1. Enter the Cα centre distance for the pair the range 283-304 and the range 1-48, rounded to the nearest angstrom.
2. Rounded, prolate or oblate: pick one for the chain, where a ≥ b ≥ c are the square roots of the eigenvalues of its C-alpha gyration tensor, a/c under 1.5 means rounded, and failing that, prolate if a/b is larger than b/c, else oblate.
3. Under the rule that an exposed site lies in a DSSP loop and has at most 12 other Cβ atoms within 10 Å, name the longest stretch of the chain with no GluC sites (Glu not before Pro) of that kind, not counting the sites themselves.
4. Can you tell me the Rg and the Dmax, both Å, for the Cα atoms in the range 244-417?
5. Quick one: P(r) of the range 159-255 from all Cα-Cα pairs, 5 Å bins, percents rounded to integers, in order of increasing distance.
6. Among 130, 200, 83, pick out the residue whose Cα is farthest towards the positive end of the charge dipole of the chain, where Lys and Arg carry +1 and Asp and Glu carry -1 on C-beta, about the Cα centre.
7. For the chain, the longest stretch holding no trypsin sites (Lys or Arg not before Pro) located in a DSSP loop with at most 12 other Cβ atoms within 10 Å is which?
8. Please give me the summed charge of the neighbours of residue 274: other residues whose Cβ is under 12 Å from its Cβ, Lys and Arg +1, Asp and Glu -1.
Amino acid sequence: MENTLEVLVVDDDEVDRMLLIRSLKAAGLNIHLTEVTNFDEVIVTLAETKFDCIFIDDCLPGKDGLTLIKEIRGLNITSPLIVLTGQGDEQIAVDIMKAGAYDYIPKSKITPDRLGLVTRNAIKFYQANTEATLANQRLQESYDLLVKQNHQLEAQQRQIQLQNWQLKKASQLKSQFLSMMSHELKTPLNAIIGFSQMLLRPSKGILNQQQSKMVETILRNGKQLLTMLNEILDLSEIEAGNAKLKPDFFDLTQVINNVVEEIYPQAIAKNINLFTDIHLKNSKVFNDSRRLRQVLIHLLSNAIKFTDSGGKVWVEVSAIQPDIHSEIKLDREMNKLIISVHDTGIGIALEDLEYIFEPFRQIDQTITKKYPGTGVGLAITDSIIKMMSGKITVSSEIGQCTTFQIEIPRNIPLTVDC
Ligand SMILES: Nc1ncnc2c1ncn2[C@@H]1O[C@H](COP(=O)(O)OP(=O)(O)O)[C@@H](O)[C@H]1O
Ligand SMILES: [Mg+2]
C-alpha cells in the first residue's frame, strides 16, 4: 500500500476537477486531496501545506499557467507540477515545462492509466530529487566543516611553529647565558685552584698543618666546582649544536681500564669494590675516545656516588656480533658493542626513570640533598650516545641495584655533527 499522497488540484472548472479526481482514484493512487479554484488561494494553500504533487489548469481566470508556475518556483516550492492543458496548447505546454513543470497532459487525453503513470513518475522523480538535494546539502556541510577544521588546523600549526621558534630562541639564549657564565666563573676559579696548589707545594713550606687542611678543602671544593662548570659548559655546547665527534681508532679495553684506574681512588675512599668484566675478542673500535671516556666517567662516578660503603660497581663489555676478524662478513649496523655499568647502590624508583636523562633533573632536589651534583651528567651522556647513533637504557631496583646499558656501533661514521 502506497503512502497517502498530498495532492493539490488547481482548476476553476468543476467538471474538469471531478474528471481528474475520478481518474486519480481509478488509477489506484492513495491520495488526500485539496482543491483550489483561483490563484490567490493557491499561494495561501502552498504556504500552509507541503504537497507531493500539484495539478494546475494552464488557464485560470486572470492568470495563465506559465506565470503561475514561475511564481510557485519563485517561492522555492519544489513539489512536482503537472499541467493540464486544453486542446492544441502543446506549444504553451513546452514553455510551461521550461519554467519548471514536470509534465503536462492534455485534458482530453486524461485516462486513469496515463494519469497514474505520470503522477507516480513525477513523485518518484521528486523524491529522488529531494534525496539528492539533501545528500548534496549534507556533502556541502561536511565539506564546509572540513574546510573550517582545515583552517583551524592551519592556524594551530602556525601557532605551534611560532611556539617552536620561540622555544628554540629561548633555549639558544639559555645556552649562550650558561656558556658565558661558565667562562666568566672559570677564570677566577682557575686562580683559586692554581694558587691553592702552589700554597700546598711542600717546597713552599709556608703553611702550618691547620692552614694546609684549610687550603686542601679550598682546593677540593674548587675542583668540584670546576667539574660542575665544565659539565654545564659541555651541555650548553651540545644543546647549541656546537659539539662534534672526533673519531679515532683505539683499544676499548685499554680506555676502560684507564678510566677505572682514574676513578679507583673514589671507590677506595668509599670502600667500594670496583672491577671490570670484559668479553671482547677484538677490542679495536673507531669512535671518539675522549667522549666515550667522558660517558664512562659520568656513569662510574654516579655508580660510586649512589652506592654505599661495601657495595660493588663494575663495567661489563661485550659485542653483539662476532668481531670484525670473524670469517662471516657483517653488516656494520649489526656490529655493536654493549657497555654496562652496574652498581649495588640505592637504585632508582620506576616513576623516576623517565626523568633522569633530562638536564638538571635529580631525584633528590631538596636544598639539603645528600649527593652533590648538577644533574647534567646523564643529559650529556645521553646526548653523546645519541651522537654516536647509539642508545642508553637504565634498569634498576630500588634499594638494590642499577644498570646503565649503552649500545653503540663499533665503528661510527667519519664526521658526526650533533
Ligand atoms: N647509579 C645511580 N644510582 C641511583 N641513582 C642514580 C644513578 N645514576 C644517576 N642517578 C640519579 O639520576 C640523577 C641524575 O644523574 P646525573 O645527571 O648524573 O646528575 P648528578 O649526578 O649531578 O646528580 C641523579 O641525581 C640521581 O638521582
Ligand atoms: Mg652525575
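1. After rounding, the separation between the Cα centres reads 97 Å.
2. On the way: a/c = 5.00, a/b = 3.79, b/c = 1.32.
Since a/c reaches 1.5 and a/b is larger than b/c, the shape of the chain is classed as prolate.
3. Values: sites that count: 2, 327, 354.
Here the longest run is 3-326.
4. 16.3, 57
5. 2, 11, 14, 13, 11, 12, 12, 10, 7, 4, 2, 1, 1, 0
6. Farthest towards the positive end: 200.
7. Values: sites that count: 50, 204, 281, 329, 369, 370.
Answer - 51-203.
8. Taking every other residue near residue 274 into account, the sum is -2.
Computed from the coordinates by the stated procedures, all read-outs in this text should not be read as laboratory data. Model, not experiment: these values are computed from the prediction. Methodologically, a virtual Cβ is constructed for each residue, glycine included, from the backbone with ideal geometry; neighbour enumeration extends over all protein chains shown.
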